[in-house]
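Scroll down for the structure; my scribbles are underneath it.
The values are calculated or read from the model by the stated rules, or taken from the named source; none is laboratory data. Keep in mind that this is a model prediction, so the values were computed, not measured. Here the Cβ positions follow ideal geometry from the backbone for every residue, glycine too, while neighbour counts run over all protein chains shown. For accessibility, only protein heavy atoms count, side chains too; no ligands or nucleic acids. Shrake-Rupley method; radii C 1.70, N 1.55, O 1.52, S 1.80 Å.
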Amino acid sequence: MATLIHTLADHRNDVNYCAFSSSCLATCSLDKTIRVYSLSNFAELPYSPLEGHTYSVHCCCFSPSGLVLASCSTDGTSALWDTRDGRRLAVLEQPGASPVRVCRFSPEATYLLAGAADGSVVLWNVQSMKLYRSGKVKGGSLMACEFSPNGNFFVTGSSSGDLTIWDDKMRCLCNEKAHDLGVTCCDISSHPVSDSENGFKYFQMASCGQDNHIKLWFILFADFLGVQLKYKCTLNGHSAPVLACAFSCDGQMIVSGSVDKCVIIYETRTGNTLHTLSQHTRYVTTCAFAPHSSLLATGSMDKTVHIWRLDLKQPCAGDTVENESKVAIEDWSEDDVSAWLRAQDLADFVGLFKTNNIDGKELLNLTKESLANELKIESLGLRSKVLQKIEELRMTMISVSVPDEFLCPITRELMNDPVIATDGYSYEREAMENWISNRRSSPMTNLPLHSLMLTPNRTLKMAISRWLETQQK
């Protein structure tokens with residue numbers, strides 16, 4: 001069930017795009033402004049609206065940390081804004097001054113990708129605010145773009161109907177005619193998909209276009225095959241051009257918005273329609289799922305943004321549409337944990353977890369130390385992968401907004417091992433260690449760090465533990 005819980009009606013013209021961070025929602029419009037709202041109560045932030053573009057703002061997106069917001073406009077520029085106080089940090093002028101249609105941050109926030117009406121594609125270095133690489137699509141305007149979750153490549157879609165895969169050196173790896181009348185949007189799921197036939201891992205992508213269709217694709221990288229874009233299926237449901245599509249955070253759903261004024265939510269695995277929402281009175285131009293939340297935002301040429309809450313059942317091991325018997329995660333049996341491991345592409349750990357009698361309660365209590373010392377998982381990469389999946393599982397149990405001070409400024413995720421850096425801010429230890437291994441600046445201020453020493457923040461860790469206990473009662 002999808003319930004309309006709030007409507008934002010502050011824009012004076014068409015809403016072109018909306019984007020979530022873990023704590024905010026940003027919307028942009030033909031009225032030249034970007035507006036930013038708190039997810040805790042949907043109140044507009046004090047510095048909103050952001051003004052500075054001289055023409056329509058087509059797209060906006062948050063950096064992975066949520067500390068920077070990017071926007072792009074018909075005025076031929078992309079702008080970067082500080083989400084803490086609304087300051088404009090930079091104005092990046094597109095070569096040729098062509099209207100900029102889309103923008104995206106790379107997963108590590110190293111680059112901002114900007115695509116324009118003349119087909120130009122630019123990678124901006126976010127640290128130096130300088131152009132890093134540029135390219136151009138063959139014919140047509142650039143209408144869509146998205147980075148892969150690992151940042152190794154990105155995809156663009158054009159008004160000529162092509163989907164193009166590029167590497168971070170701006171080399172064209174693959175090109176495919178996808179939509180006869182032009183691509184309008186594309187999105188890549190953050191969850192890779194296993195191919196049982198040959199054992200490869202695919203990235204799953206959705207694209208939509210003026211042909212009324214949503215198409216699902218698999219993107220495969222293999223050393224001996226190069227890059228392959230494999231068509232999976234077409235989702236039919238709209239009766240007019242589809243202007244927007246997006247995966248849910250877990251990749252299990254796809255939402256789309258159309259000229260037919262409808263929003264449709266599909267189940268990714270089967271392609272079945274889960275919900276059809278028809279409350280907008282004009283074209284639906286944008287839709288986005290919130291990360292680790294049951295919220296969905298849809299924007300329209302009717303000048304409104306609708307906020308929906310999806311009645312999502314708490315995930316259980318081996319969850320399928322047919323499986324209606326749900327149990328709380330902390331009540332999972334060892335077999336439930338085994339099924340969950342297989343569903344998360346962690347089947348190699350089934351035997352290890354069974355040997356150590358890991359049930360749901362034990363699973364939720366696993367830490368980096370217990371994975372290394374008790375379960376003897378030697379690989380840091382594998383420990384990190386398991387911990388990430390467990391953290392996603394924990395987040396599904398949290399029914400209210402996490403206090404902002406409990407979130408790591410780098411990952412915007414709940415901290416497990418908070419440390420204080422010499423800039424005075426607290427971070428998740430592993431995230432900050434990764435950060436300072438590549439640079440000696442503060443993630444919050446961008447100023448040089450006088451020392452790389454990290455001090456455990458035991459007070460904050462205790463506060464987070466107490467808060468988690470209150471959420472699980």
Counting only protein heavy atoms and leaving out ligands, DNA and RNA, the solvent-accessible surface of Leu243 at a 1.4 Å probe, in Å² to the nearest 10, equals 40
To make sure I understand the rule: partners must be aspartates and glutamates, Cα under 16 Å from the Cα of Lys177, and not fewer than 8 residues away in the same chain. Which ones qualify? Asp162, Asp211
For Thr83, residues with placed amide H under 5 Å, excluding near neighbours: Val68, Leu69
With all protein chains present and a 1.4 Å probe, the order of Arg133, Arg88, Arg429 from largest accessible area down is Arg88, Arg133, Arg429
The chain: relative contact order from alpha carbon pairs under 8 Å, six or more residues apart, as a whole percent, is 10
Measure up Lys215/Lys303; Lys130/Lys230; Lys130/Lys368; Lys169/Lys230; Lys215/Lys354; Lys230/Lys354 against 30 Å on the Cα-Cα distance and list the ones that go over. Lys130/Lys230; Lys130/Lys368; Lys215/Lys354; Lys230/Lys354
Ranking Tyr202, Tyr231, Tyr283 from most to least accessible area with a 1.4 Å probe gives Tyr231, Tyr283, Tyr202
Placing unit charges on C-beta atoms (Lys and Arg positive, Asp and Glu negative, everything else neutral), compute the dipole magnitude of the chain about its Cα centre in debye, rounded to 20. 1000
Could you state how much accessible area Lys177 has, in square angstrom rounded to the nearest 10, with a 1.4 Å probe and all protein chains kept in place? 110
